[in-house]
Every structure is written in C-alpha cells, then in structure tokens.
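Taking it in order: structure first as structure tokens, then the write-up.
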Amino acid sequence: MSSLLSDANQRLEKALRYVSLPQDVVERLKYPKASLTVSIPVRMDDGSLRVFQGYRVRYDDSRGPTKGGIRFHPNVTLDEVQSLAFWMTFKCAAVNIPYGGAKGGITLNPKELSKFELERLSRGYIDAIADFIGPDVDIPAPDVYTNAQIMGWMMDQYSIIRRQITPGVVTGKPIAMGGSLGRETATAMGAFYAIQTILPKLGRHPTGTSVAVQGFGNAGAVIAELLFNAGYRVVAVSDSQGGIYAEQGLDIPSIRQSKESTRGIKAVYCEGTVCNIIEHSVITNAELLELNVDILVPAALENQITADNAHRIQARYIFEVANGPIRSDADPILASKGILVFPDILVNAGGVTVSYFEWVQNRIGIYWSLEEVNQKLKGMMTQETERIWATAQELATDLRTAAYVHALNRLGEGIRARGTREDYLK
Ligand code: GLU
C-alpha cells in the first residue's frame with residue numbers, strides 16, 4: 001500500500017491542475033524540509049528504563065515558522081508525522097495564518113503510562129528536540145492524546161533549557177502558563193462555524209438535520225455538543241471502544257458527563273440529577289460511518305473511509321474534523337454518489353487558528369477575552385469557508401481541490417517572493 005505522504009501528495013497533484021505555478025513551487029512542496037527522529041529514554045515507575053521513538057517534522061516554512069501538534073499514539077510513524085506536517089502546511093495557508101506546517105509524535109499507548117511517566121516522557125521529548133523548535137522556528141501544540149497539561153510541561157522544559165520563560169514555543173498551554181481562552185474548544189468551534197456558514201447554502205436548517213460523530217475526544221465531543229445545542233439531531237457518537245445510536249437523537253451533554261466519570265459512552269438522558277438510560281443500539285465505529293444521516297463528522301484518526309467502505313457511505317455531507325480521515329482512493333467513489341466532502345484543511349483549522357492567537361498574545365503580552373477570541377475565530381473561519389466555497393464554484397471542482405488551490409496560491413506567493421527560475425533567467 002502506498003504511504004500516507006504519497007496519498008497526501010495525490011491531492012496536491014490534483015490541485016496543481018487548476019493553478020499555474022512555477023515548477024520551483026511544486027518541487028519545494030513535494031518534500032518535507034526536515035525530519036528528526038529521536039530516542040527518548042524514560043525512567044519508569046518500577047525503576048526500569050524504556051526508550052520511546054519520537055519524531056518532529058518541519059514540512060515547509062515559506063510562510064512563517066512551522067506549526068503543528070504532537071500526538072501520542074501507538075500507530076505513530078515517521079510517514080504519518082510527515083503527512084500530518086504536509087496537511088498543516090496547507091491548513092495554515094488555507095486559512096491565511098502566517099505559519100508553515102509541522103507535526104510531531106511519539107509512538108506509545110499513553111493509557112499505559114502513569115502521570116509521572118508521561119511527564120518524564122514529555123520533558124524528555126523536548127530535551128531531544130529543543131534545537132529543532134523555537135518560538136520563531138517551529139511551535140508544537142496538542143493533537144491526538146495530548147493536552148494542555150502536557151503542553152505546559154513541554155513549555156516549562158524548553159524554558160529550563162533556554163533559561164528564559166518562553167511561552168511562545170508551545171501553544172495549547174494551561175491558561176496560567178500563557179494559554180489562550182478558547183483554545184481547548186477551538187477545533188470544534190471552528191468546525192461549527194464552517195458548518196453554520198455552509199448549511200444555508202445547502203438549503204438546510206439545523207432542526208431536522210441528523211448528524212453522526214466518530215470520535216469523542218477534544219474535537220468530537222465538543223462538536224457533538226455544539227451541534228446538539230444548536231438544534232441538530234445528533235443520532236450517533238463513538239469513541240475508540242465503539243459507539244451508540246438512537247434514531248430520536250442523543251442527549252450529548254449527559255453523554256459527555258458519563259464519559260468523564262465512567263470513561264465510556266452511554267446513552268443517558270439527564271434531568272436534574274436523575275439520569276435514565278435511553279433506548280439505543282450499540283454500534284461499531286465502522287457501522288457509525290455507514291449510517292444514513294445528513295452529516296457525518298469523522299473526528300478520530302486518518303484513513304477511516306477508503307475504497308473498501310466508500311460505496312457503503314450514506315451520509316449526504318462529510319465534514320472532516322479529523323486530519324486525513326478519507327484516503328484519496330475514496331474520493332471518486334464518494335463524488336460519484338453525490339456526497340459533498342468538506343476538507344480537513346479547512347474544517348479543523350480552528351485549532352491552529354486559536355494557537356496562532358495564543359502565540360500572538362504571548363508575544364504582545366496582552367491577553368484577550370473569550371468573546372474576543374471566538375469572534376476573531378468566527379471571522380476567519382467564515383471568511384475562508386466562503387472563499388473556498390466560491391473557488392469550488394468558479395473552478396467547478398470539489399471542495400478539497402478548491403481548498404488546496406486556495407492554499408497553493410498563498411504558498412506560491414511565499415515561495416515566489418524568494419525568486420524562481422523565471423526571475424533569474426528574465
Ligand atoms: N493538532 C491540531 C491540528 O492538527 C492543532 C495544531 C496547532 O494548534 O498547532 O490542526
């Protein structure tokens with residue numbers, strides 16, 4: 001099977017048919033700028049020493065310092081981190097944030113480590129990559145199975161190494177360590193603003209629109225709740241263990257509460273302090289993807305929809321909150337079924353957008369209210385969603401290609417500004 005990065009490159013190839021860019025630009029964007037592999041020794045609680053594999057990839061910095069999260073997951077590989085860094089490059093350009101793209105990861109199952117071990121691992125990772133990152137070079141953030149506390153340890157460790165408090169080196173930190181209000185909910189908020197911008201164009205209204213959300217982490221649980229609160233009928237949700245479905249709709253706030261206290265998802269309906277289990281069926285993650293719903297929101301991991309299951313997808317619209325949930329071989333199948341796909345590099349860009357706001361606040365030393373952050377986020381998401389929608393109409397192409405074209409034009413400007421073959425031979 002082809003690598004994730006070569007699959008990601010297929011989308012670039014397709015978009016290149018719609019823009020005329022100097023060959024220099026195309027050449028530059030095919031390869032990551034730098035990839036670092038590190039071994040992180042960690043003293044475990046039982047006294048033994050375990051060595052973990054970690055990665056950090058800086059894909060392209062022609063628009064600014066590179067930016068992207070760090071994921072802790074058993075399936076992390078260099079190939080995965082490179083494609084995630086590629087997506088970050090296009091994502092930052094798609095929403096016009098002055099950053100290039102990067103990503104990091106450590107191969108492990110974080111659920112098997114104690115909190116002490118996780119702290120030592122997080123600090124050890126920064127010891128290993130400290131010369132590769134920096135507030136003007138490359139700025140990490142949270143991703144799958146990493147959170148504000150982990151970002152706090154990482155910022156603290158970097159500050160110890162540099163002997164300077166350096167809040168701008170990492171985003172998604174705890175508020176008390178220079179984090180931004182609204183960062184925790186930003187990915188879901190951004191996706192919500194994108195959905196709300198698109199919905200009227202599809203002639204739809206939240207009431208009567210059914211939704212299935214795959215993934216119940218920071219992005220999935222929050223988007224499910226935002227949609228529930230706005231009046232959408234959220235009929236199915238899932239986590240890594242499986243999902244639940246109820247035709248009449250699920251009470252998402254109660255499910256979030258039950259997930260927090262029991263670590264599982266149950267279809268509970270709460271009134272006051274009394275919670276009743278409501279009629280629901282238990283489904284698998286694969287079944288959730290194939291439900292007959294209006295909107296499907298994959299908010300877990302990559303490659304969930306491929307040529308193997310694409311023909312069974314029944315949703316009318318897919319909003320990619322995860323990075324890379326649809327493999328490129330599924331694109332033509334979904335298109336032939338008339339399913340509209342709203343791409344990750346737009347839909348989940350709210351996270352990195354508020355990361356950018358956090359970095360700006362760290363640099364100016366002035367902190368914004370939650371209202372200010374959300375208002376700025378809404379402005380950016382609405383504007384770029386409108387532009388990508390318009391590009392798709394103009395070029396008569398799909399929304400993913402339109403988003404890549406939109407991003408490519410901006411990346412092209414950054415690369416071109418440094419001179420291309422055409423300038424030198426003029
Ligand atoms: N991990 C998030 C993403 O994939 C956020 C990255 C960031 O905030 O830098 O977009």
Scan region 22-43 and tell me whether some residue there is farther than 25 Å from Pro65 by Cα and modelled with pLDDT under 95. no
Subset of region 373-400 [part of a helix (DSSP H, G or I), among the aliphatic types (A, V, I, L, M) and either out of contact with any Pro (no Cβ under 7 Å at 6 or more places or on another chain) or closer than 27 Å to Leu181 by Cα (or both)]: Val373, Leu377, Met380, Met381, Ile388, Ala390, Ala392, Leu395
Name every residue in region 125-142 that is crowded, with 21+ Cβ neighbours inside 10 Å and either more than 24 Å from the chain's Cα centre (by Cα) or closer than 26 Å to Asp344 by Cα (or both), in order of residue number. Ile133, Asp138, Ile139, Pro140, Ala141, Pro142
Qualifying positions in region 312-363 - in a loop (DSSP other than H, G, I, E, B) and of a type in the set (A, V, I, L, M): Ile313, Ala315, Val321, Ala322, Ile339, Ala349
Restrict the check to region 206-218 and report whether at least one residue is in a helix (DSSP H, G or I) and either farther than 23 Å from Phe342 by Cβ or small (Gly, Ala, Ser) (or both). no
Inter-residue pairs, beta-carbon under 6 Å, first among the acidic types (Asp, Glu) and crowded, with 19+ Cβ neighbours inside 10 Å and in region 3-18, second assigned to a helix (DSSP H, G or I) and at pLDDT 90 or above, 6+ apart: Asp7/Ser328
Residues (among the hydrophobic types (A, V, I, L, M, F, W, C) and either within 13 Å of the ligand (Cβ to nearest atom) or part of a helix (DSSP H, G or I) (or both)) located in region 110-120: Phe116, Leu118
Just checking, does region 401-420 include any residue being without any contact (Cβ under 8 Å) to a residue 24 or more places away in the chain, part of a helix (DSSP H, G or I), more than 16 Å from the ligand (Cβ to nearest atom) and touching a helix residue (DSSP H, G or I) at 6+ places or on another chain (Cβ under 9 Å)? yes
Give region 379-400 a look and list any residue that's over 22 Å from Tyr99 (Cβ atoms), surrounded by 17 or more Cβ atoms within 10 Å (Cβ to Cβ) and without any contact (Cβ under 8 Å) to a residue 40 or more places away in the chain, or say none. Ala392
On the basis of being under 24 Å from Pro22 (Cα atoms) and not small (Gly, Ala, Ser), does Tyr404 make the cut? yes
Looking at Gly172, is it in a loop (DSSP other than H, G, I, E, B) and surrounded by 22 or more Cβ atoms within 10 Å (Cβ to Cβ)? yes
Residue check, Asp45 exposed (fewer than 14 other Cβ atoms within 10 Å of the Cβ) and over 23 Å from the mean Cα position of the chain (by Cα): yes
Ala221 vs. criteria aliphatic (A, V, I, L, M) and closer than 19 Å to Pro142 by Cβ: yes
Does Ile339 meet the test of being more than 16 Å from the ligand (Cβ to nearest atom), in contact with a Leu (Cβ under 6 Å, 6 or more places away or on another chain) and not acidic (Asp, Glu)? no
When the residues of region 58-75 are filtered to those that are without any contact (Cβ under 8 Å) to a residue 60 or more places away in the chain and within 13 Å of the ligand (Cβ to nearest atom), which remaining residue is surrounded by the fewest Cβ atoms within 10 Å (Cβ to Cβ)? Gly64
Right, Leu370: touching a residue at least 12 places away in the same chain (Cβ under 8 Å), farther than 26 Å from Gly179 by Cα and over 18 Å from the mean Cα position of the chain (by Cα) or not? no
Enumerated strands (runs of 3 or more DSSP E) restricted to region 236-305, each holding at least 2 residues that are surrounded by fewer than 19 Cβ atoms within 10 Å (Cβ to Cβ): 268-271, 274-277, 281-283
Just to be sure I understand the filter: pairs with C-beta atoms under 7 Å, separated by 6 or more residues or on different chains, first member in region 81-109 and touching a residue at least 12 places away in the same chain (Cβ under 8 Å), second member among the basic types (Lys, Arg) and surrounded by fewer than 24 Cβ atoms within 10 Å (Cβ to Cβ). Which pairs pass? Cys92/Arg63; Ala93/Arg63; Ala93/Arg410; Asn96/Arg410; Pro98/Arg63; Tyr99/Arg63; Gly100/Arg63
Does at least one position in region 337-348 carry a residue that is surrounded by fewer than 22 Cβ atoms within 10 Å (Cβ to Cβ), under 22 Å from the mean Cα position of the chain (by Cα) and not hydroxyl-bearing (Ser, Thr, Tyr)? yes
Of everything in region 121-157 that's in a helix (DSSP H, G or I), farther than 19 Å from Phe52 by Cα and not polar (S, T, N, Q), which residue is nearest to the ligand (Cβ to nearest atom)? Ala148
Can you confirm whether Glu358 is acidic (Asp, Glu) and within 15 Å of the ligand (Cβ to nearest atom)? yes
Do we find a residue being polar (S, T, N, Q), more than 16 Å from the ligand (Cβ to nearest atom) and over 25 Å from Leu36 (Cβ atoms) anywhere in region 176-196? yes
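The values are calculated or read from the model by the stated rules, or taken from the named source; none is laboratory data. Because the structure is predicted, anything quoted here is derived from the model rather than measured. Virtual Cβ from ideal backbone geometry, glycine too; neighbours counted across all protein chains shown.
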